[in-house]
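Here the structure comes first, spelled out in structure tokens, and everything after it is commentary.
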Amino acid sequence: MSLSKFESMLKTNEVYFFDAVEFETIIEHYLNIGKQSLAKKAVQLGLEQHPSSIQLKLMKVEILIFEDELHEAIKMLSNIEAVEPHNDEVFIQKAIILSKKKQHTEAIAILKESLQYIEDPSDVWSMIGMEYLYLDDFENARLNFAKCIEVDYEDYSSLYNIVYCFDMEGSHKDAIKFLNTYLDKNPYCEVAWHQLGKQYFELGMYKESLTAFDYAVLIDDSFIGGYLEKAKALEELNRYEEAIENYLVTLELDDPTAYAYIRIGECYEKLNNTQTAIHFYKKAVHEDPLLDRGWILLTNACYNQENYQKALYYINKAIHIDEANVLYWRRYGDINLKLNFYEESVKAFKTCLSLDDKEIEIYVALADILLFLGEFNEALKVLIQAKKTYKEFAEIEYRLCGVFMILGKEEYSITHLKNALAIDFEYHTIIKELYPSVFEKDSIQKIISSYDKAVQ
């Protein structure tokens, strides 16, 4: 009724009287639903009617802090503190201001001081915990969140924060110990079983992890997170059919997600059911067309089926989403090579190099394609660039031998041939494969024969 009366007053420009408590309720309502301007208006009118109300002044401070009017907020707090020096809300708002100014140590000191004036310290302990988190002091953060749990075992926000602290410290065994102790006192807490399962999962203890997730979904059969994690544990145990069943449960409980479709598809691939996998990958990209992972999985599935035209279509989708992903460009190069689109393959592998993907196979693939296209000088440039990084690699030396011979630079060719034979004699057949005319040359055969005798 107070709310309706207040909104009616705003529409008619008439002035109605409200007591301070009514204004507090109205302001709190608007703050909770995010209507900041109406809350601000209510504070203004409230203070006009009740200029001495400390609570309304504190609500104005809260709005000032939200709007980053920190100087004005500090000024108001000083005035309030002069009247009520031990008002717990003054301490809290001062701490919030210090936190916003990244003065977390000072905020902690203020909050600790406030504890002597507060009847229910749980919120303050939680705030102290958060300030320690900002300082990356996970041990002290955890200890303060633990105090909240001792008061209220269903304070799941603090429970999550405690586990987060253990995670950041890499203390998964300590987290397991804590959660088991917690579950001894609160055994029907699906959240704790879920977190326990995740800790076991991190340690590769998948059977124990699965047991914990089983308890989580047994307690709450609509717990989507429990089914998702249970499915992941089943995957690690190679129980793919059961994993699929659990992912499907999540689709029944809530709107379908691309993530679940992807995981189901990957399970089917591991069961060698590629067609069904593709079906679910398509569902994933339909659900989220910007999910490049879905497109690359479709690409790889089609590539493995030797359906290169479809693979090319899908890899183009993935690259369009993430043009800086070298793995996508590698796959793009491979697919175009399979389709005999050599110019596109050259473009792909050159892009890989420009993105700082300088693995030896990229240089070799690019050089071999340029050689096939008859672009010997370009192939030579690529191989010389490769040699700067891969100084003693037979794959590079044999190719340099062939290209230099084709370009009429026999002395250089022979030098690189000798280098290559010294590194890996058995690999010399690559010359016959890539440069048959060079391999047949007497000078080349003579050197290979002499090295063959030396090896024997």
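Residue pairs whose Cβ atoms lie under 8 Å apart, sitting 6 or more positions apart in sequence or on different chains, and linking a residue in the stretch 274-292 that is free of Cβ contacts under 8 Å to residues at least 24 places away in the same chain and farther than 17 Å from Ala243 by Cα to a partner that is hydrophobic (A, V, I, L, M, F, W, C) and surrounded by 21 or more Cβ atoms within 10 Å (Cβ to Cβ), are Lys282/Leu298.
Does the stretch 388-407 contain at least one residue that is outside any loop (DSSP other than H, G, I, E, B) and over 25 Å from Lys446 (Cβ atoms)? Yes, the stretch 388-407 has at least one match. Listed by first and then second residue, the pairs linking a residue in the stretch 99-110 that is under 16 Å from Phe138 (Cα atoms) and charged (D, E, K, R) to a residue that is open to solvent by 90 Å² or more (accessible area, probe 1.4 Å) and in a helix (DSSP H, G or I), with Cβ atoms under 9 Å apart and 6 or more places separating them unless they lie on different chains, form an empty list. Does Glu344 satisfy the condition of being touching a residue at least 12 places away in the same chain (Cβ under 8 Å), not basic (Lys, Arg) and not in a helix (DSSP H, G or I)? Considered against the rule, which asks whether it is touching a residue at least 12 places away in the same chain (Cβ under 8 Å), not basic (Lys, Arg) and not in a helix (DSSP H, G or I), Glu344 comes out as no. Residue count for the stretch 216-262, restricted to those that are open to solvent by 50 Å² or more (accessible area, probe 1.4 Å) and among the basic types (Lys, Arg): 1. Checked against the criterion of being open to solvent by 50 Å² or more (accessible area, probe 1.4 Å), of a type outside the set (A, V, I, L, M) and modelled with pLDDT of 95 or more, the candidates Asn144, Asn140, Asn161 yield just one match: Asn140. When the stretch 409-435 is limited to residues that are under 19 Å from Lys446 (Cβ atoms) and part of a loop (DSSP other than H, G, I, E, B), the one that is most open to solvent (accessible area, probe 1.4 Å) turns out to be Lys409.
Tell me, which residue of the stretch 272-285 that is in a helix (DSSP H, G or I) and either in contact with a His (Cβ under 7 Å, 6 or more places away or on another chain) or open to solvent by 60 Å² or more (accessible area, probe 1.4 Å) (or both) is nearest to Ile224 (Cα to Cα)? Filtering the stretch 272-285 for residues that are in a helix (DSSP H, G or I) and either in contact with a His (Cβ under 7 Å, 6 or more places away or on another chain) or open to solvent by 60 Å² or more (accessible area, probe 1.4 Å) (or both), the one nearest to Ile224 (Cα to Cα) comes out as Lys283.
Applying the set (1) in contact with a Gly (Cβ under 7 Å, 6 or more places away or on another chain); (2) of a type outside the set (Phe, Trp, Tyr); (3) part of a loop (DSSP other than H, G, I, E, B) to Val438 leaves exactly one unmet item: (3). On inspection, Leu290 fails the criterion of being closer than 27 Å to Cys352 by Cα, in contact with a Gly (Cβ under 9 Å, 6 or more places away or on another chain) and either open to solvent by 50 Å² or more (accessible area, probe 1.4 Å) or not small (Gly, Ala, Ser) (or both).
For the stretch 174-271, list the helices (runs of 4 or more DSSP H) that sit wholly inside it and hold at least 2 residues that are modelled with pLDDT under 95 and under 18 Å from Gly294 (Cβ atoms); which are they?
It comes to none.
For Leu383, state whether it is surrounded by fewer than 21 Cβ atoms within 10 Å (Cβ to Cβ) and under 22 Å from Lys441 (Cβ atoms). Judged against the criteria, Leu383 is not a match.
Suppose the filter is open to solvent by 70 Å² or more (accessible area, probe 1.4 Å) and either over 23 Å from Tyr160 (Cα atoms) or not in a helix (DSSP H, G or I) (or both); does Glu113 pass it? When the stated conditions are applied, Glu113 passes them.
Just give me the residues in the stretch 119-155 being in a helix (DSSP H, G or I) and in contact with a Cys (Cβ under 8 Å, 6 or more places away or on another chain), in sequence order. Across the stretch 119-155, the qualifying residues are Ser122, Trp125, Ser126, Gly129, Leu133, Phe138, Glu139, Ala141, Arg142, Phe145. Note on the stretch 1-104: enclosed helices (runs of 4 or more DSSP H) holding 1 or more residues that are open to solvent by 60 Å² or more (accessible area, probe 1.4 Å) and closer than 27 Å to Ile128 by Cβ are 20-32, 54-66, 70-83, 88-100.
The values are calculated or read from the model by the stated rules, or taken from the named source; none is laboratory data. Not measured: the values here are computed from a predicted model. Cβ sites come from the backbone with ideal geometry, for glycine too, and all protein chains shown count toward neighbours. Surface areas here come from the heavy atoms of the whole protein model, side chains and all, with no ligands, DNA or RNA. Shrake-Rupley method; radii C 1.70, N 1.55, O 1.52, S 1.80 Å.
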